[in-house]
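Written out below as structure tokens is the structure these notes cover.
The values are calculated or read from the model by the stated rules, or taken from the named source; none is laboratory data. Treat the numbers as computed from the prediction; the structure is a model and nothing was measured. Here the Cβ is made from the backbone with ideal geometry for all residues, glycine too, and neighbour counts use every protein chain on show. These area figures cover heavy atoms from the full protein model, side chains too; ligands, DNA and RNA do not enter into them. Shrake-Rupley method; radii C 1.70, N 1.55, O 1.52, S 1.80 Å.
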Amino acid sequence: MKAVVVRQWGGAEQAVIEESDVPQPGADEVLVRIRATSINPLDWKIREGYLQQYVSLPFSLGSDFAGDIEQLGDDVHDLQVGDAVYGMKGLAGGGFADYTLAKASMIARKPSTLSYTEAAAVPMGGLSAWQALFEHGHLKRGQRVLIHAAAGGVGHFAVQFAKDAGAYVIGTASANNADFVRGLGADEVIDYNTVAFEDAVSDIDLVLDTLGFEVSARSLMVLKPGGTIVGIVTPAPMDAAAERQVTVKYFGAESRRDDLEKLAQHIDGGHAKPHISHDLPFGQIHDGLHLSQQQHGRGKVVVHMGD
Ligand SMILES: NC(=O)c1ccc[n+]([C@@H]2O[C@H](COP(=O)([O-])OP(=O)(O)OC[C@H]3O[C@@H](n4cnc5c(N)ncnc54)[C@H](OP(=O)(O)O)[C@@H]3O)[C@@H](O)[C@H]2O)c1
């Protein structure tokens, strides 16, 4: 099978398509024949060596996948060979490959209304948005939510989920993506190139901070007392947050069967859909990583296996 392997941290040249043996599932795992994968910033961050405290070399790159179960581990009784599934490998890697092993508890049947390529666009962006808004942010109907990088892989799901949940949704994006973000359901879009968001919005109940660093600190200024900022890149500064009486959350998205099932139900019910900016063949996966690394994508870049 083919897999993208990193043997030295660095640029595109360090992510090499190699041949290897198809792995055997452990008792609680399944073997998935991958039909499509998608690119996340995590992939190029790992390749560059930014996450060396969490992963080691050689590293089999790739997180999100959709495909078919080809083999079941001995203890897996709630999935079947031939099931079309999707999931996220996260820091375990192995998603940019013909086959991957996944714990049965970390995958679910893919949304039936989506193709494999569309389904591969969902796991990390969708799980991060869902867990941030509802599990960590406790978003309620009528609340005001600010979503940073609203056009991105996480943000474009978050806008749709928050709007569907009855929130008033404000997103940040460049002017180039303003119509796209409005089309997802945002009530307001702030062009971060011309307006400082903290001058334009206030009384926010929840900030979904997909940018981190100075944006985390500035975001505290727009929150109501009692509000919450949920970060997925860096946590907001705790001292300043305590002074303003707001809650800081920071988390890493988890691939869980029940959340993937909720996402599938939500998508199949017509409440949200992934936006795919590029659909590339596996041989062009480096172009996908390059596009992601520009950090100005719209929705997701997906990669289908084969030509
Ligand atoms: N902790 C976790 O579990 C977790 C999970 C998923 C993602 N993440 C992290 O979260 C971040 C976002 O992920 P993603 O997949 O959404 O990334 P992405 O798809 O690459 O985000 C691209 C988007 O960012 C927007 N953007 C860039 N600079 C901006 C700014 N200053 N203000 C507002 N928008 C800006 C771009 O909009 P324009 O083109 O309009 O500029 C573009 O639409 C990444 O750093 C990723 O590693 C963490």
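Structure data summary
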quantity	calculated
Strands (runs of 3 or more DSSP E) (entirely within the range 1-66) containing at least 1 residues that are farther than 27 Å from S277 by Cβ	15-19, 29-38
Criterion (among the β-branched types (V, I, T), touching an Asp or Glu at 6+ places or on another chain (Cβ under 9 Å), more than 14 Å from G137 (Cβ to Cβ) and touching a residue at least 24 places away in the same chain (Cβ under 8 Å)) met by exactly one of V301, V230	V301
Hey, T194 among the hydroxyl-bearing types (S, T, Y), out of contact with any Cys (no Cβ under 9 Å at 6 or more places or on another chain) and open to solvent by less than 50 Å² (accessible area, probe 1.4 Å) or not	no
Long-range neighbours under 7 Å by Cβ, at least six apart or interchain, first residue over 23 Å from G283 (Cα atoms) and charged (D, E, K, R) within the range 90-109, second assigned to a helix (DSSP H, G or I) and open to solvent by less than 30 Å² (accessible area, probe 1.4 Å)	R109/A264
Pick from the range 151-165, criterion part of a helix (DSSP H, G or I) and open to solvent by 10 Å² or more (accessible area, probe 1.4 Å), ranking: nearest to the ligand (Cβ to nearest atom)	Q160
Selected residue (criterion: most open to solvent (accessible area, probe 1.4 Å)) from residues of the range 139-150 that are within 19 Å of S202 (Cβ to Cβ) and more than 13 Å from the ligand (Cβ to nearest atom)	K140
Whichever residue in the range 56-93 is among the aliphatic types (A, V, I, L, M) and within 28 Å of H156 (Cα to Cα) and, among such residues, is nearest to the chain's Cα centre (by Cα)	M88
Output for the range 164-179, where each listed residue is touching an Asp or Glu at 6+ places or on another chain (Cβ under 8 Å) and either among the basic types (K, R) or touching a residue at least 40 places away in the same chain (Cβ under 8 Å) (or both)	S174
Filter result for G283 (assigned to a loop (DSSP other than H, G, I, E, B) and over 13 Å from the mean Cα position of the chain (by Cα))	no
Test: residue in the range 183-202 that is out of contact with any strand residue (DSSP E or B) (no Cβ under 9 Å at 6 or more places or on another chain) and over 30 Å from R244 (Cα atoms)	yes
